[in-house]
1. Starting from residues that are outside any helix (DSSP H, G or I) and more than 24 Å from the chain's Cα centre (by Cα), keep the ones in the stretch 229-244 and report whichever is surrounded by the most Cβ atoms within 10 Å (Cβ to Cβ).
2. Pick out the one residue from Met346, Met357 that is at pLDDT 95 or above, buried (at least 17 other Cβ atoms within 10 Å of the Cβ), of a type in the set (A, V, I, L, M, F, W, C) and touching a helix residue (DSSP H, G or I) at 6+ places or on another chain (Cβ under 9 Å).
3. Being surrounded by 16 or more Cβ atoms within 10 Å (Cβ to Cβ) and without any contact (Cβ under 8 Å) to a residue 60 or more places away in the chain narrows it down to one of Pro287, Pro307, Pro389, Pro300, so name that one.
4. Only one of Thr120, Thr132 is among the hydroxyl-bearing types (Ser, Thr, Tyr), surrounded by fewer than 19 Cβ atoms within 10 Å (Cβ to Cβ) and farther than 19 Å from Met357 by Cβ. Can you tell me which?
5. Take the residues in the stretch 31-47 that are of a type in the set (Lys, Arg) and over 16 Å from Ala97 (Cβ atoms), then tell me which one is surrounded by the most Cβ atoms within 10 Å (Cβ to Cβ).
6. Mind listing just one residue for me: the one in the stretch 148-167 that is in a loop (DSSP other than H, G, I, E, B) and in contact with a His (Cβ under 8 Å, 6 or more places away or on another chain) and, of those, surrounded by the most Cβ atoms within 10 Å (Cβ to Cβ)?
7. Mind checking whether some residue in the stretch 311-328 is surrounded by 17 or more Cβ atoms within 10 Å (Cβ to Cβ), closer than 23 Å to Trp54 by Cα and touching a residue at least 60 places away in the same chain (Cβ under 8 Å)?
8. Read through the list (1) of a type in the set (Gly, Ala, Ser); (2) more than 21 Å from Ile387 (Cα to Cα); (3) over 22 Å from the mean Cα position of the chain (by Cα), then give the number of the only condition that Gly277 fails.
Amino acid sequence: MDDQQGRHALILGASGITGWAIVNSILEGYSSKDAFAKVTAVTNRPLSRDDSGWPSDSRLDLVSGIDLLQGGQASLNELIKEKIPSINTVTHLYFYAYQQNDDNRIECDVNRKMLERAVTAVENLSPKLAYTVLPSGTKIYGVHMLDQFPFADILPIKEDAPPLPEPWVSDLFYYDQIDCLKTLSRGKQWTWCEIRPDNIIGFVPNNNAYCLAQTLALYLSLFHYVEGGGASCPFPGTEKSWKALYNESPQDMVARFSIHASLHPEKTGTKSFNCAGEETSWKEKWPIICQYFDLRGTPPVEGSMAPSAYMEDHRQDWDRLAKQSSLKGGFLDNNISHPHFQYFIMALLDFDRHMDMGAMRATGYTEIINTNECWTIAFDRMRKARIIP
């Protein structure tokens, strides 16, 4: 779209790791200060402007209370019109909403329906819709298959890797969502792309099931408080996971490439893109992460207490730390975070799984955010939000 002043970004799932960063990046002037005339951030749980951490900006509307699965399509359309009066001007939809379910088939059905209903509503209500961005992740390459990981012999992985074998392919909602966008966009004026990050490192204003940076920030803050500055902190994984290579995905990088891709449909339309930073291992990262908390990150030590167990064992210490530091409550104990996720990422994923970034770079996106910068930005944002001391 040539008229930059007419762009209106609608971000669904705006309080998630990438959704938050898309809103933040646009308001901070990416890819230019006038790239978007309006930003509508939609969150599932209520979020105040003060708690959001976003810059103050008259272009921003913050909306909650839209259930994408409630009622029929017509009633959803009416609800969106009521909640977002400017919906008729939306040009760019960033669909970062997600609903987790332990039953894979239900998860597939629910997340396809959310996408289908959301895109249908925006398409019906805004004649200006030009682009939709959909995230997936490295499960599309089978990293969750662990010792059955199918692409160990063709690293780094490229986007044209074949689909997973059954039953894995039918249990992964990414395929359903991609097929949905292909169907919905056929013959239409708008196009789309799919973005594939690995583990996303970043900040969220609320709790999130898959925010590893928040889990480690809480753990390492507590570890420093109990053990003291300069203490040795063993890596909470295995010797194999300590050395495994993969590409971390900084939240700002995923967000900015989402925006970049949506502004260059001639290069990105109907395509998939790996999106991540440098290829590293925990052996390289762990000392850098621990250094932020004045700790000495060391290799794994057999018998070390897991972060979740350590935090549970030192709960009273956390309460004292939180009171002394005037921290916000509700982050150490919450019903959103997934305690197994840290163990899965840092222990079970013990094989090389790095990706090829050639397709992303070929679009003209050249930004690189290194490991130190990535984690420091996330932790600094948590400190500013008073999640950690």
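The values are calculated or read from the model by the stated rules, or taken from the named source; none is laboratory data. Every value quoted in this text rests on a predicted model; they were computed, and no experiment measured them. FYI the Cβ positions are ideal-geometry reconstructions off the backbone, even for glycines, and counts take in every protein chain you see.
1. Narrowing the stretch 229-244 to residues outside any helix (DSSP H, G or I): 229-238, 244.
Keeping just the survivors that are more than 24 Å from the chain's Cα centre (by Cα) gives 229-234, 238.
Details: Gly229: 10, Gly230: 9, Ala231: 15, Ser232: 11, Cys233: 22, Pro234: 17, Thr238: 16.
Only one residue tops the list, namely Cys233.
2. Details: Met357 fails: touching a helix residue (DSSP H, G or I) at 6+ places or on another chain (Cβ under 9 Å).
Only one candidate passes the filter, namely Met346.
3. Pro287
4. Working: Thr132 fails: surrounded by fewer than 19 Cβ atoms within 10 Å (Cβ to Cβ).
Checking each option against the conditions leaves just Thr120.
5. So in the stretch 31-47, the residues of a type in the set (Lys, Arg) come out as 33, 38, 45.
Now restrict to residues that are over 16 Å from Ala97 (Cβ atoms): 33, 38.
Values: Lys33: 11, Lys38: 19.
My answer is Lys38.
6. Taking the stretch 148-167 first, the residues in a loop (DSSP other than H, G, I, E, B) are 149-156, 158-167.
Then drop every residue that is not in contact with a His (Cβ under 8 Å, 6 or more places away or on another chain), which leaves 155-156.
Numbers: Leu155: 15, Pro156: 17.
The selected residue is Pro156.
7. Our first condition is that a residue be surrounded by 17 or more Cβ atoms within 10 Å (Cβ to Cβ); within the stretch 311-328, this holds for 311, 314, 318, 321-322, 327.
Applying the additional criterion that residues be closer than 23 Å to Trp54 by Cα yields 327.
Still in the running and touching a residue at least 60 places away in the same chain (Cβ under 8 Å): 327.
Yes - at least one qualifying residue is present in the stretch 311-328.
8. Among (1) of a type in the set (Gly, Ala, Ser); (2) more than 21 Å from Ile387 (Cα to Cα); (3) over 22 Å from the mean Cα position of the chain (by Cα), the lone unmet condition for Gly277 is (3).
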